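In what follows, a single structure is set out as structure tokens and then discussed.
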Amino acid sequence: MIRVGLGEGEVIKEWTNEGELVELGTLERLGTLDKAFAIRFASTHFPHDSVVNFKVHAEAALRDAAGVTADLVVDVEGNQRAYNRGLFLATQETYNGVYVIDPGGIAAGLARDCVDVARPRVQGMEHVVEPATSSEAQNQRQTDLDPKFKRNTVFVAITHGSPDGIRASHTDEMPWDPASNPQSITAMVHDGRGSVPLYNLVLLLACQTAYNGSFDRVSKPFGIRSVNPGPMTPDRCVVAFTTEVGTERNKETLALWTAKFLDYLGQGYTAKEAIDEVRNDNILIYPPARGASAVNPVVVGDTLTKLSGYYETSDSKGAVSAWYLVL
């Protein structure tokens with residue numbers, strides 16, 4: 001049994017796996033036994049940079065082949081500093097065969113509206129957010145974004161995209177890779193990142209970033225592994241579209257979709273559940289082709305990703321194999 005609680009004594013989560021049998025040999029010859037249980041701490045339950053005290057209490061009953069038992073009790077206290085930062089990028093370009101700065105265009109208007117609804121919602125999930133306004137989000141160049149990519153753990157982009165990458169405005173292409181290209185997302189996220197945690201959630205309201213199965217290309221730059229080749233990174237994902245989204249057809253709904261998706265995350269829904277709930281609310285995103293059916297974004301990585309509440313995943317036998325405590 002493992003129990004985790006806050007330093008004030010409140011029990012937050014208890015995990016038991018009674019009946020598990022591990023062959024240990026005889027107790028006399030046991031010596032040191034190493035058996036690890038992963039206890040992962042999310043920080044979005046507390047404000048960014050706050051110090052959270054916690055206690056871990058573990059109990060185990062050891063039994064050797066002769067049936068001799070011994071009790072093991074371990075208590076650990078410590079603290080963890082919360083780290084929650086959100087970065088926003090918005091376009092002000094229109095594409096008509098070439099990209100041109102067009103603050104009055106459909107794409108720029110959609111981008112402003114989406115950032116305006118997304119910023120306070122991510123901020124409400126205990127994140128420090130940057131930039132401070134949608135106008136600033138639209139005026140960022142690649143060189144402005146480079147240091148910001150290194151210090152954030154949530155990224156929301158409403159911009160032009162492709163299977164190969166996304167754009168800051170003013171012709172700044174930002175490909176997913178390679179790491180040797182200093183303007184790539186891979187390089188900007190990882191070079192000089194230090195001890196900053198990698199990304200928990202990436203929301204790309206950008207055309208075709210998940211087109212034609214380019215899932216690993218869009219997730220790996222943020223340190224997120226999907227199921228292939230695996231192992232999947234738990235409680236982290238990229239939400240991206242396979243089709244075009246910043247179009248006239250979605251002028252009235254894209255910002256509403258963004259707001260509702262983040263609202264459901266804030267209520268403790270998983271990424272996949274939040275997407276399904278928005279669709280159930282009949283808030284739909286359409287490709288540009290007339291008569292085309294509504295589309296959902298794909299979740300690249302862990303579909304059970306949360307930004308609020310407990311995270312749990314199960315192995316093929318249905319037993320809890322990992323658990324995530326929000327602190």
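Would you kindly state how much longer the chain becomes between residue 252 and residue 284 on full extension, computed as 0.36 nm times their sequence separation minus their alpha carbon distance, in nm to one decimal? All intermediate terms of the calculation are to be shown ahead of the outcome.
Numbers: separation 32, 0.36 × 32 = 11.52 nm, distance 1.01 nm.
Contour length minus the Cα-Cα distance gives 10.5 nm.
Rounded to the nearest 0.05, what FRET efficiency do residue 292 and residue 164 have when you use their Cβ-Cβ distance and R0 = 30 Å?
E(calc), rounded to 0.05, equals 0.80.
Would you kindly state how much longer the chain becomes between residue 144 and residue 180 on full extension, computed as 0.36 nm times their sequence separation minus their alpha carbon distance, in nm to one decimal? Show your work: numbers first, answer last.
On the way: separation 36, 0.36 × 36 = 12.96 nm, distance 1.89 nm.
So the extension gain works out to 11.1 nm.
Please report the relative contact order for segment 216-296, taking Cα pairs under 8 Å with a sequence separation of at least 6, and give it as a percent rounded to a whole number. Walk me through the numbers on the way to the answer.
Working: 71 pairs, mean separation 20.0, N = 81.
Dividing the mean separation by the residue count of segment 216-296 yields 25 percent.
Need the full-extension length gain, residue 73 to residue 263, defined as separation in residues times 0.36 nm minus the C-alpha distance. One decimal, nm.
Details: separation 190, 0.36 × 190 = 68.40 nm, distance 4.12 nm.
Using 0.36 nm per residue and subtracting the Cα-Cα distance, I get 64.3 nm.
Let me check against my output: what whole-number percent is the relative contact order of segment 159-295, with C-alpha pairs under 8 Å and at least 6 apart? Each step should come with its number before you reach the end.
Numbers: 209 pairs, mean separation 26.1, N = 137.
Reported relative contact order: 19 percent.
Where q = 0.20 Å⁻¹, what log10 of I(q)/I(0) comes from the Debye formula for segment 99-255, counting one point per Cα?
So the normalised log intensities work out to -1.49.
Let's test this: bin the Cα-Cα distances of segment 238-296 at 10 Å from zero up to the farthest pair and state each bin's percent.
24, 55, 20, 1
Using 1/(1 + (r/R0)^6) with R0 = 35 angstrom and r between the beta carbons of residue 196 and residue 276, what's the FRET efficiency to the nearest 0.05?
Details: r = 32 Å, r/R0 = 0.90.
Plugging the Cβ-Cβ distance into 1/(1 + (r/R0)^6) gives 0.65.
Distance in nm between label sites at residue 106 and residue 59, each 7 Å beyond Cα in the beta-carbon direction?
6.4
Treat the count of other C-beta atoms within 10 Å as a stand-in for reagent exposure and order 249, 141 from fewest to most. Intermediate results must be reported in sequence, preceding the final value.
On the way: 249 19, 141 12.
Going from least to most buried by this count: 141, 249.
Using the per-residue mean of other Cβ atoms lying within 10 Å as a proxy for protection, in what order, highest first, do the peptides 74-82, 236-244 fall? Let's see the in-between values first.
Working: 74-82: 11.9, 236-244: 23.6.
Most protected by this proxy first, the peptides run 236-244, 74-82.
Coordinate-derived values only; no laboratory data. These figures come from a predicted structure and were not determined experimentally. Cβ atoms come from the backbone with ideal geometry, glycine included; neighbour counts cover every protein chain shown.
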